[in-house]
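Trainee: Attaching a single structure in structure tokens format; questions to follow.
The values are calculated or read from the model by the stated rules, or taken from the named source; none is laboratory data. All values derive from a computational prediction rather than experimental measurement. Don't worry about glycine lacking a Cβ; one is built from the backbone with ideal geometry, like all the others, and counts go over all protein chains shown. Ligands, DNA and RNA are excluded from the accessible area calculation, which covers all protein heavy atoms including side chains. Shrake-Rupley method; radii C 1.70, N 1.55, O 1.52, S 1.80 Å.
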Amino acid sequence: MYNSTTRVTKEPLGSQIGRFTLDTSSFLNLSSEACSPSLISNFLYFNNLARGPKRTVSLSLKVAGGGAGGVGGYRFRDILYEFNRAVRFHCERIPLGFASLQVGDGNGGDNNGGAGNGEGDGNGVGGIGNGTVVEDDGLELKGEGRGKPKKVLILMSDTGGGHRASAEAIKAAFYQEYGDEYQVFVTDLWSEHTPWPFNQLPKSYSFLVKHGPLWKMTYYGTAPRLVHQSNFAATSAFIAREVAKGLMKYQPDIIISVHPLMQHVPLRVLRSRGLLDKIVFTTVITDLSTCHPTWFHKLVTRCYCPTTDVAKRAMKAGLQQTQIKIYGLPVRPSFVKPVRPKEELRRELGMDEDLPAVLLIGGGEGMGPIEATARALGDLLNEDGIPTGQILVICGRNKKLANKLGSIKWKIPVKVKGFVTKMEECMGACDCIITKAGPGTIAEAMIRGLPIILNDYIAGQEAGNVPYVVENGCGKYSKSPKAIAKTVADWFGPKADELQAMSQNALKLARPDSVFKIVHDMHELVKQRSLLKEYSCTA
């Protein structure tokens with residue numbers, strides 16, 4: 001029975017933090033006797049994938065438990081325990097300034113914490129389940145299960161082009177498969193629905209990536225669960241209300257995250273409002289091999305993994321096998337259509353119809369050693385004044401680079417393009433591709449059967465893409481423009497058989513229908529959820 005006298009209300013931030021006073025004096029003044037055999041050791045490894053001696057940088061923290069009765073070790077364990085308890089308490093509470101919560105005790109429900117979702121920790125407010133009523137400041141889920149079309153909200157952020165590309169691919173697949181049965185919205189949750197400085201995430205990412213060591217520290221430093229969970233807990237205290245408004249603005253039936261930072265805060269908001277059993281929440285991972293641990297959250301309805309490597313990481317992170325599907329990386333539906341003949345595509349792009357072609361791209365911003373690589377190719381794809389190949393260069397938004405390449409007098413046919421929207425046609429016109437190790441480009445190239453030469457990668461999330469391509473016999477890796485040009489010249493000449501073999505290997509790994517499998521499964525999840533609602537209403 002619902003007990004109206006049981007109520008948990010908002011508390012000031014100071015009153016919650018005041019409960020956890022960590023005495024660090026003993027930790028900071030550990031004697032030399034207390035620093036003998038190590039009690040705790042945490043390491044972060046930054047591996048260099050380039051050729052040469054393997055270099056490993058380790059960041060370690062060692063605290064010993066010696067001294068009189070192991071006092072130093074005991075104090076540190078006590079500090080760590082209190083800190084973990086504080087983080088868990090904060091993560092499981094309703095966001096500060098968010099809403100008041102009334103909890104009915106029902107069948108002993110005053111201490112089950114996770115009655116609604118199995119994720120509570122016994123503090124009485126961790127879960128939203130039986131006997132719980134949430135007062136949500138007028139932001140309600142309206143007309144649930146009644147109106148058509150169903151609404152899909154895709155959460156992404158412009159930290160690299162791959163997340164938006166996957167979001168647009170999913171959106172296009174929904175419309176192609178189900179027409180007006182679904183309304184699909186794509187939003188950058190951090191930029192559009194959080195205050196400063198959280199809305200500066202894309203700019204911060206661009207800055208960090210341009211300064212490699214800073215990005216390595218950020219990526220690997222936030223990988224431990226204790227670190228990123230405490231960060232999300234602290235962040236939620238400031239942005240939970242804004243995120244809630246952003247989510248409820250769309251009244252979604254299904255939420256899809258295509259970004260590693262889009263799980264924790266939104267799921268915490270849904271749980272606090274009792275909406276986990278009403279809204280389907282799925283994660284579509286857009287990294288092929290190595291991926292940040294923040295991609296994984298135990299409360300998701302479904303986690304779509306592009307490869308078995310990522311699926312193993314999901315299982316290790318605590319997800320159940322029933323939550324995981326391995327469908328491949330979602331790419332634009334246009335890549336599923338039959339490929340037109342190369343000659344026809346080359347004619348439309350203004351290329352030579354007979355010469356083998358290499359596609360050289362630098363992403364949406366035209367970054368990397370594009371000019372140096374193009375010049376090296378121009379020299380080696382030319383034998384005594386006779387071209388043995390041609391180049392299609394995609395400069396993206398880099399107009400300065402496009403103008404410079406367009407002004408060069410080339411010895412071989414070179415076609416320079418700016419930002420293109422039909423990459424499937426550019427790939428279909430070529431025989432191999434030179435690119436950095438972006439997962440989306442790799443997946444698209446494999447669908448087109450293009451051998452891949454990787455010339456760079458972003459530390460962390462793209463590091464595993466290099467061995468994924470090389471070890472599967474789909475391409476090679478080199479940062480040297482001259483070495484890259486030599487490889488292409490060999491492929492267009494004496495090593496044509498190697499080029500053909502790599503093309504076949506790429507096609508074997510390709511998953512052209514991945515985006516359709518993903519949206520079909522999501523459609524089934526929404527149908528199942530709707531049936532459960534109807535059954536519960538008629539029961």
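Trainee: Name the pairs: first residue in region 448-475 and on the phi > 0 side of the Ramachandran plot, second residue polar (S, T, N, Q) and open to solvent by 10 Å² or more (accessible area, probe 1.4 Å), Cβ to Cβ under 8 Å, at least 6 apart or on different chains?
Mentor: Sorted first by the residue in region 448-475, then by its partner, the pairs are GLY449/SER503; GLY449/GLN504; GLY460/THR290; GLY473/ASN505.
Trainee: Looking at region 176-191, is at least one residue in contact with a Gly (Cβ under 9 Å, 6 or more places away or on another chain) and modelled with pLDDT under 95?
Mentor: yes
Trainee: I'd like to know if region 237-244 contains one or more residues that are of a type in the set (Val, Ile, Thr), crowded, with 23+ Cβ neighbours inside 10 Å and at negative phi.
Mentor: yes
Trainee: Oh, and also: Give the residue that is surrounded by the fewest Cβ atoms within 10 Å (Cβ to Cβ), with candidates limited to residues of region 487-510 that are out of contact with any strand residue (DSSP E or B) (no Cβ under 9 Å at 6 or more places or on another chain) and part of a loop (DSSP other than H, G, I, E, B).
Mentor: PRO494
Trainee: Being open to solvent by 10 Å² or more (accessible area, probe 1.4 Å) and in contact with a strand residue (DSSP E or B) (Cβ under 9 Å, 6 or more places away or on another chain) is the filter here; which residues of region 415-443 pass it?
Mentor: The answer is LYS415, VAL416, LYS417, GLY418, PHE419, VAL420, MET423, ASP431, LYS436, THR441.
Trainee: Right, next: So which helices (runs of 4 or more DSSP H) stay within region 361-455 end to end and still have 3 or more residues that are within 19 Å of LEU329 (Cβ to Cβ)?
Mentor: The qualifying helices (runs of 4 or more DSSP H) are 423-428, 439-447.
Trainee: On to the next question. Do we have any residue at all in region 457-476 that's touching a helix residue (DSSP H, G or I) at 6+ places or on another chain (Cβ under 8 Å), of a type in the set (D, E, K, R) and modelled with pLDDT of 95 or more?
Mentor: Yes.
Trainee: Check region 299-308 and report whether any residue there is surrounded by fewer than 23 Cβ atoms within 10 Å (Cβ to Cβ), in a helix (DSSP H, G or I) and out of contact with any Gly (no Cβ under 9 Å at 6 or more places or on another chain).
Mentor: The answer is yes, given that some residue of region 299-308 is surrounded by fewer than 23 Cβ atoms within 10 Å (Cβ to Cβ), in a helix (DSSP H, G or I) and out of contact with any Gly (no Cβ under 9 Å at 6 or more places or on another chain).
Trainee: What about GLU353, is it acidic (Asp, Glu), over 30 Å from the mean Cα position of the chain (by Cα) and part of a loop (DSSP other than H, G, I, E, B)?
Mentor: Yes: the conditions hold for GLU353.
Trainee: Among the candidates ALA402, ALA429, ALA463, single out the residue that is of a type in the set (A, V, I, L, M) and under 21 Å from GLN504 (Cβ atoms).
Mentor: Criteria check complete, one pass: ALA429.
Trainee: Taking region 364-390 as the search range and keeping residues that are within 30 Å of ARG164 (Cα to Cα) and out of contact with any strand residue (DSSP E or B) (no Cβ under 8 Å at 6 or more places or on another chain), which one is most open to solvent (accessible area, probe 1.4 Å)?
Mentor: Among residues in region 364-390 that are within 30 Å of ARG164 (Cα to Cα) and out of contact with any strand residue (DSSP E or B) (no Cβ under 8 Å at 6 or more places or on another chain), the one most open to solvent (accessible area, probe 1.4 Å) is MET367.
Trainee: Looking at region 168-196, which of its residues are open to solvent by 30 Å² or more (accessible area, probe 1.4 Å), outside any helix (DSSP H, G or I) and either within 15 Å of PRO333 (Cβ to Cβ) or in contact (Cβ under 8 Å) with a residue 12 or more places away in the chain (or both)?
Mentor: Hits for region 168-196 are GLN183, PHE185, VAL186, PRO195.
Trainee: Separate question: If PHE281 satisfies every condition in (1) open to solvent by 10 Å² or more (accessible area, probe 1.4 Å); (2) touching a Leu at 6+ places or on another chain (Cβ under 7 Å); (3) of a type in the set (Phe, Trp, Tyr) but one, which is the exception?
Mentor: For PHE281, the exception is condition (1).
Trainee: Go through (1) outside any strand (DSSP E or B); (2) crowded, with 18+ Cβ neighbours inside 10 Å and name the single condition MET217 misses.
Mentor: Answer for MET217: the failing condition is (2).
Trainee: Please state which one of LEU276, LEU349 is closer than 17 Å to MET522 by Cβ, among the hydrophobic types (A, V, I, L, M, F, W, C) and surrounded by fewer than 24 Cβ atoms within 10 Å (Cβ to Cβ).
Mentor: Matching residue, one of LEU276, LEU349: LEU276.
Trainee: Taking region 286-298, which residues are in contact with a Ser or Thr (Cβ under 9 Å, 6 or more places away or on another chain), part of a loop (DSSP other than H, G, I, E, B) and of a type in the set (Val, Ile, Thr)?
Mentor: THR286
Trainee: Would it be correct to say that GLU343 is within 30 Å of ALA167 (Cβ to Cβ), open to solvent by 80 Å² or more (accessible area, probe 1.4 Å) and of a type in the set (Asp, Glu)?
Mentor: In short, no.
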